[in-house]
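Data block below; observations after.
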Amino acid sequence: MRQFYNALGFVIGDLFRYRYRVSLQNLARAFPSASYAEINQQHRLFYRNIARVLTESLCPRIQQLEMESESIDLLRTAQATGKPIILLTGHYGNWEVLNKLPLQLGTPIQALYKPLKSKFWDRMFRKIRCTNGVRLLPAQQASRILIREKEQQHITIFIADQFPGKNNGLAIDFLSQDTHMFTGAEQLAKRLDAAVFYLQLNPKDTRSWSVSLQAICTQASLTTDGQITKSYTRKLEESIRQNPSLWLWTHKRWK
């Protein structure tokens, strides 16, 4: 599969030039001390991962997901308290493979999503994402739904690394640059008094991914303003520095 991903990545990046300049510029700015050769290497590997994400998303049967035993223990401990659980992650690894999380945990999982502009692709990806029992919550309605159901224990996934706009969210340094981070997940976690974890995906091989969790807080209502968002940002930044090619560099994160 590695050779296939290399070839498809070449087609996406070098032939179609899909957001080529944006991704290259983002990488260079995030790692100002890296050499030209190092940036180019990570850029090629980034398109290889994009090829893998695309392939696994359109052919979900080849997706494999495992959660580390220590992370399962963390979740079970949090579930024992009866509190809602929020998992914060980013566009890192293959976030689409998280649709298999219910199979690992035997627990209902829900995730926020934004409908795609194309009705065809929106129907297709909704079908794929719901195959294993994930409940999709429209982003604009998620707060109302979760607050209404706050007495029910649930595990909710937030992909929280989108750019909220210059005058929105929390101002913070991220990958050597000033930017803003969404605070919606933090605000909701506080209202629900949820336990919050950072979720990281790591490739085990060319067909499977491993999920690991890191605790951010056990009672969100006791945290200070910005604490959850800052902790999430630092953990995501650490993941990206470990393997830059796994993050989605094509979106315009810094404006």
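Listing for the model above:
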read-out	value
Breaking point among (1) open to solvent by 50 Å² or more (accessible area, probe 1.4 Å); (2) more than 23 Å from residue 68 (Cβ to Cβ); (3) in contact (Cβ under 8 Å) with a residue 40 or more places away in the chain, for residue 135	(3)
Top-ranked residue in the stretch 47-87 [being among the hydrophobic types (A, V, I, L, M, F, W, C), part of a helix (DSSP H, G or I) and open to solvent by 20 Å² or more (accessible area, probe 1.4 Å); ranked as nearest to residue 11 (Cα to Cα)]	50
Neighbours by Cβ (under 6 Å, 6+ apart or cross-chain): first from the stretch 108-129, closer than 22 Å to residue 63 by Cα; second of a type in the set (Gly, Ala, Ser) and open to solvent by less than 100 Å² (accessible area, probe 1.4 Å)	112/139; 112/142
Contacts under 6 angstrom Cβ, first residue in the stretch 186-205 being closer than 17 Å to residue 53 by Cα, partner in a helix (DSSP H, G or I), 6 or more apart	200/239
Test set (1) in contact with a strand residue (DSSP E or B) (Cβ under 6 Å, 6 or more places away or on another chain); (2) open to solvent by less than 50 Å² (accessible area, probe 1.4 Å) - residue 206 fails condition number	(1)
Subset of the stretch 7-32 that is over 30 Å from residue 173 (Cα atoms) and over 23 Å from the mean Cα position of the chain (by Cα) - its residue that is most open to solvent (accessible area, probe 1.4 Å)	16
Restricting the stretch 213-240 to residues that are in contact (Cβ under 8 Å) with a residue 60 or more places away in the chain and open to solvent by 80 Å² or more (accessible area, probe 1.4 Å), the residue that is nearest to residue 71 (Cα to Cα)	218
Test for residue 34: is it assigned to a loop (DSSP other than H, G, I, E, B) and at pLDDT 95 or above	yes
Residue count for the stretch 241-255, restricted to those that are closer than 24 Å to residue 9 by Cβ, assigned to a loop (DSSP other than H, G, I, E, B) and either small (Gly, Ala, Ser) or open to solvent by 90 Å² or more (accessible area, probe 1.4 Å) (or both)	1
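The values are calculated or read from the model by the stated rules, or taken from the named source; none is laboratory data. Bear in mind that the values here come from a model prediction, so they are computed numbers and not experimental data. Positions of Cβ are generated from backbone atoms using ideal geometry, with glycine treated the same way; all protein chains shown enter the neighbour counts. The protein model used for the area step is the full one, side chains on, heavy atoms only, and it has no ligands, DNA or RNA in it. Shrake-Rupley method; radii C 1.70, N 1.55, O 1.52, S 1.80 Å.
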